[in-house]
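The values are calculated or read from the model by the stated rules, or taken from the named source; none is laboratory data. Quick caveat, the model's predicted, so the values are computed rather than measured. Note that each Cβ is placed from the backbone with ideal geometry, even for glycine, and that neighbours are counted across all protein chains shown.
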Amino acid sequence: MASAPAVPVSSATLPLAIDALVKRFGALTAVDGVSLEVRAGECLGLLGPNGAGKSTTIRAIVGRVIPDSGSITVFGARADSAQARAALGWVPQELAVYPRLTCKENLVAFGSYHGLSGKQLAESVAWCLEWAALQDRSGDLAGKLSGGMKRRLNMAAGIIQRPRVVLMDEPTVGVDPQSRNRIFEMIEALRDSGTAIVYTTHYMEEAERLCDRVAIIDHGRIIALGTNQELVHNAFASRSQVLARFAGPVDRIAAWVKSHGGRMVDATAEFTIERSIEIAALLDSAANDGLELEDVSLRRPNLESVFLHLTGRELRE
Amino acid sequence: MILPIIRTAIVSLRRDRAALALSFILPISFFSIFAAIFGGQRDATPKIHVILVDEDQSTASQQLVHALQRESSLVIMTRPTSKDKTATPDYTAATAEDSVKAGDAPVALIVPKGFGQNPISFGPAQTGSGIQLLNDSSDIIAPQMVIGLLQKAAMTSMPVAMAEQGMKYTDRYIGGLTPEQRKTMESNLDTLRELQKNGGLDTTASSGNSSGGIISVHERAVVGENKKNPMVSFYAAAIGVMFLLFTASGSAGVLLDEADSGTLDRVLSSHITMTTLLAGKLTYNTLLAFTQLTVMFLWAWAVFHVDLFSHIPGFIVMGLSTAVAVAAFGMLLASMCHTRAQLGAVSTLLILIMSSVGGSMFPRYLMPEGMQKAGLFTINAWAIDGFTKVFWRDLPITALWPQVSVLLATGIVLFLIARRIARRWEFA
């Protein structure tokens, strides 16, 4: 994973700065005081469950949602300025391409909408097709592409104007693992070229692989921000997690787990321990209380654990 | 098992407003429109406007004019209507013909000098003193109605003239029935019989002269007399406009697809503003509609011999004006609707009603007067009127200004409303 460049930044050089962003829809506060900064060549993950406020934040940055308060600047310019708009690329969650146009025609169309023309447009289209590995399918209708290819075209259309800041809103939704890997490679290549990326997802694995820093967002608020290691360390220090499955009545198991400081997650008992010796004590206690052990494992906490630890809920709830 | 299926279908239909509208409102609307047109509502029967020129000013001609003015189904115009209420000179034969050509009235009657000396003509049509009927041949009903009412008026308004004429005939052909007179009568009857046998006696109602009545009428079409296929240009415009409206609303519906797929959001996040986007779509839909009309009229030219190429300037002006109006209409519908299904139902409902009231399905002159006026609220009526001026009346482009003004103004206003409503897509 590439690390963020350690160069001094000012508001004019900072690709993206969000300060105290608030957006309400009626009584619902979708974004509640979000503040973030993204540096060049950095991929910042916005990790949170559905409805956490990730997409609203992205749409506010790209000008599709008008914030109630707060500010958003792109290289020091207001997000709704022409300068900011030229620097911003957006890959929406939806497959926002023209199904009856070919891949190339789609890229030409979106390039033209961004003011590209002539040689510059042709070069950009060629670059995007190569980046998305769609050169061989450039003449195919977008509507006829496979799901993974459509996603890649959707991403290519979002960076056709070669933006320095790219906002990706769950770009791998509905994509098979093989295509997902290809998309990861595209994003890594983009990041390595110095592009600042904001990447929203509710897949912990994606955030762990792609993101230099992760902002965990829930109910419109950033509840934790840092690198993967920082988040895990802040939440769990050196502790590990024991996952155990027992046979028997669920209510009895749940009561026992609770009395021993653990919690039930999908019929699995989860305990956080400081030292591995505590495992033996737990299992002895279970046996003494008549619980039949089916399976036990030890794992290092991950972002999923952090989210659960912070919110009491799972990411995909 | 059947009951749950029926219940599910009923619940689905009840919640699908578009399907409900198509199922119930559209048929009722259509029924009402057709019932109003053809249902024989006496008060609403269309009155025929007739220009009348009395060149004779004799007692007989004046009696005839007064009788015609009393006819409730005719509107007799002896002078042009003035918008500023000032007095205008009476029609002359020449201005009456011009007015029929301009479409002010479908029929003009000219009572010539000398009519009063010999108003009644039993038997074959007379020449010289017969009444001239000038008509616009696009309206095939009005002249027949007027001829019939003219004969009725003559029968009721000129008993003296009829008696005098009867006496003349009796005196001329019968006399006192002396053997000599009888011989003369027989001889004349033989001549008449011989004429009938040889076809020299016209006993059929010809299109040129109406000899079936007691007044001789010389009928002459002053509009469309040289047209090869009189009604085709009307239907090319009438049907064309109706389908243009369908195409325009369908094409504008792409906006809903784009909003649904997120493409609209993506486009609006680029340098394209909503105004630019809508203006681009309006231009495209206008060109699409104009191309459709062009193809339609080319087909009419190739297959039905509509004289397209000698009316190119008028066709372009009317075609583009119509295209702008229908394109803006489609954009307004698309901006108002939230789904494709809703758009489909609303557009079908509105376009079919507009087309029936506006004259795309049958000529407006067949409709009651109130409905003819209601038709003026439709794009169809103005477009058809304009194309009729171009292809039927051979009027110059300058005569199209009312239709062009209304269509362009409609286009601009509908587009501005669509732009206002489209704000819902701009920001959240």
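Only one entry in B:401, B:382 is in a helix (DSSP H, G or I), among the aromatic types (Phe, Trp, Tyr) and loosely packed, with under 13 Cβ neighbours inside 10 Å, namely B:401.
To keep it simple, each residue is scored yes or no on (1) within 14 Å of another protein chain (Cβ to nearest Cβ); (2) within 21 Å of residue B:365 (Cα to Cα); (3) of a type outside the set (Lys, Arg).
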residue	(1), (2), (3)
B:389	no, yes, no
B:392	no, yes, yes
B:398	no, no, yes
B:413	no, no, yes
B:417	no, no, yes
B:420	no, no, no
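A search for C-beta distances below 6 Å between a residue of the stretch A:287-306 that is closer than 17 Å to residue A:274 by Cβ and any residue that is among the aromatic types (Phe, Trp, Tyr), counting only pairs 6+ apart in sequence or on different chains, returns A:301/A:236.
Number of residues in the stretch A:184-203 that are under 17 Å from residue A:93 (Cα atoms), at pLDDT 90 or above, not in a strand (DSSP E or B) and not aromatic (Phe, Trp, Tyr): the value is 2. Does residue B:53 fit the bill of being over 15 Å from residue B:222 (Cβ atoms) and at pLDDT 85 or above? So residue B:53 fails the test. Each residue in the stretch A:235-261 was checked for being without any contact (Cβ under 8 Å) to a residue 40 or more places away in the chain, under 34 Å from the mean Cα position of the chain (by Cα) and surrounded by 15 or more Cβ atoms within 10 Å (Cβ to Cβ), and 2 of them qualify.
Residues that are assigned to a helix (DSSP H, G or I) and of a type outside the set (D, E, K, R) within the stretch A:110-121 comprise A:110, A:111, A:112, A:113, A:118, A:120, A:121, listed in sequence order.
Of the residues in the stretch B:339-348, at least one is under 30 Å from residue A:23 (Cβ atoms) and among the polar types (S, T, N, Q).
Of all residues in the stretch A:45-93, those satisfying the criterion of being away from every other protein chain (no Cβ under 11 Å), surrounded by 24 or more Cβ atoms within 10 Å (Cβ to Cβ) and not in a helix (DSSP H, G or I) are A:45, A:46, A:47, A:48, A:52, A:53, A:74.
The residues of the stretch A:13-44 that are of a type in the set (Gly, Ala, Ser) and either more than 15 Å from residue A:69 (Cα to Cα) or assigned to a strand (DSSP E or B) (or both), listed by number, are A:17, A:20, A:27, A:30, A:33, A:35, A:40, A:41.
What tally of residues in the stretch A:135-150 results from selecting those that are within 12 Å of chain B (Cβ to nearest Cβ) and not charged (D, E, K, R)? If you could, list the steps in order and put the result at the bottom.
From the stretch A:135-150, those within 12 Å of chain B (Cβ to nearest Cβ) are A:142-143, A:150; that's our starting set.
Still in the list and also not charged (D, E, K, R): A:142-143.
Counting residues in the stretch A:135-150 that are within 12 Å of chain B (Cβ to nearest Cβ) and not charged (D, E, K, R) gives 2.
Evaluated against (1) within 14 Å of another protein chain (Cβ to nearest Cβ); (2) touching a residue at least 40 places away in the same chain (Cβ under 8 Å); (3) touching a strand residue (DSSP E or B) at 6+ places or on another chain (Cβ under 9 Å), residue A:153 falls short on exactly one condition, (3).
Given the options B:246, B:290, name the one that is more than 14 Å from chain A (Cβ to nearest Cβ), in a helix (DSSP H, G or I), under 30 Å from the mean Cα position of the chain (by Cα) and without any contact (Cβ under 8 Å) to a residue 40 or more places away in the chain.
Numbers: B:246 fails: without any contact (Cβ under 8 Å) to a residue 40 or more places away in the chain.
Step by step, each of B:246, B:290 is checked, and only B:290 is more than 14 Å from chain A (Cβ to nearest Cβ), in a helix (DSSP H, G or I), under 30 Å from the mean Cα position of the chain (by Cα) and without any contact (Cβ under 8 Å) to a residue 40 or more places away in the chain.
Within the stretch B:257-274, not a single residue is in contact (Cβ under 8 Å) with a residue 60 or more places away in the chain, closer than 30 Å to residue B:318 by Cβ and more than 9 Å from every other protein chain (Cβ to nearest Cβ). For the stretch B:69-94, a tally of residues being more than 21 Å from residue B:46 (Cβ to Cβ) and either surrounded by 18 or more Cβ atoms within 10 Å (Cβ to Cβ) or in contact with a helix residue (DSSP H, G or I) (Cβ under 6 Å, 6 or more places away or on another chain) (or both) returns 1. Residues that are in contact (Cβ under 8 Å) with a residue 24 or more places away in the chain, closer than 15 Å to residue A:111 by Cβ and in a helix (DSSP H, G or I) within the stretch A:122-141 comprise A:124, A:125, A:127, A:128, A:129, A:131, listed in sequence order. Out of everything in the stretch A:94-124 that is of a type in the set (D, E, K, R) and within 13 Å of chain B (Cβ to nearest Cβ), what residue ends up being surrounded by the fewest Cβ atoms within 10 Å (Cβ to Cβ)? Selected residue: A:100. Would you check if residue A:269 is of a type in the set (Gly, Ala, Ser), under 34 Å from the mean Cα position of the chain (by Cα), surrounded by 14 or more Cβ atoms within 10 Å (Cβ to Cβ) and outside the structural domain of residue A:47 (by TED's automatic domain parsing)? Criteria met by residue A:269.
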